[in-house]
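> Quick one: structure below, then a few questions.
Here, each number is a calculation from the coordinates, and none is a lab measurement. In this text, all values refer to a predicted model and were calculated from it rather than measured experimentally. Cβ atoms come from the backbone with ideal geometry, glycine included; neighbour counts cover every protein chain shown.
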Amino acid sequence: MQLRLNPSFLLGLFVLSGCHSPQQAKFNQGKGVGSELTLVVPFSEPRNHQWFGESERGLIVAEAFTVWAEKNADPNFPAGESVEEALRAIRDWKKEKILLDDWQKITAELGIKYILVGQIDDLTLTKPNVIGLLEPSVKASYRVIDVQRKKVVFQRSSFTVEYATPNERESQVLDFGSDSGSAEKRLLTKLGQQIGKDLFGYQQE
């Protein structure tokens, strides 16, 4: 006798077993940056007149991105003195912009494929017309440069990450007595993690 299982029953087993749904990266046909050698540049913060490598917030975002990637993907980040020299050259850049030709020259000795570079456009701890509560959000932009082809291959402009999602908001909205510094760090960490999901893909629960 052949045993047939109801599709609804199978779906229930799938959910109960804690299976994850894979979410593809947002570019490169879902492959993202993959294991290509990728340089992560600490984000700038134009509103505070802070260039790449000068913003403490930008450093937190870059670190959160690399930590998430190392935990959840198979990244390939360059290391060593040559990387430090390249990041110092970027931090000490004297012109208003770094052009695609410049990115290639700065990183010529690293043998990298991609550069992740971005900025924090705005960060707020409260929402307009909401008194007595902290509801942090950050707006950011970033792009991925294929340095070998001198081409921007992916970018997101002025997207927003919030401290708590709508489902989390009731339990995670903070009052003014809360530690705003910790909330800010958590928010920036969440931004770095989101960029990791964009560029590597992830397993959605």
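> Return Leu191, Leu87 ranked ascending by Cβ neighbour count within 10 Å, so the fewest neighbours appear first.
Leu87, Leu191
> Under a Cβ-Cβ cut-off of 12 Å, what is the net charge of the residues other than Asp121 that fall near it, where Lys and Arg count +1 and Asp and Glu count -1?
Result for the local shell: +2.
> Using each residue's phi in the range 59-68, evaluate 6.51 cos²θ - 1.76 cosθ + 1.60 at θ = phi - 60° and report the 3J(HN,Hα) Karplus result to the nearest Hz, with x for Gly and Pro.
Working through the residues one at a time gives 5, 5, 4, 4, 5, 4, 4, 5, 5, 4 Hz.
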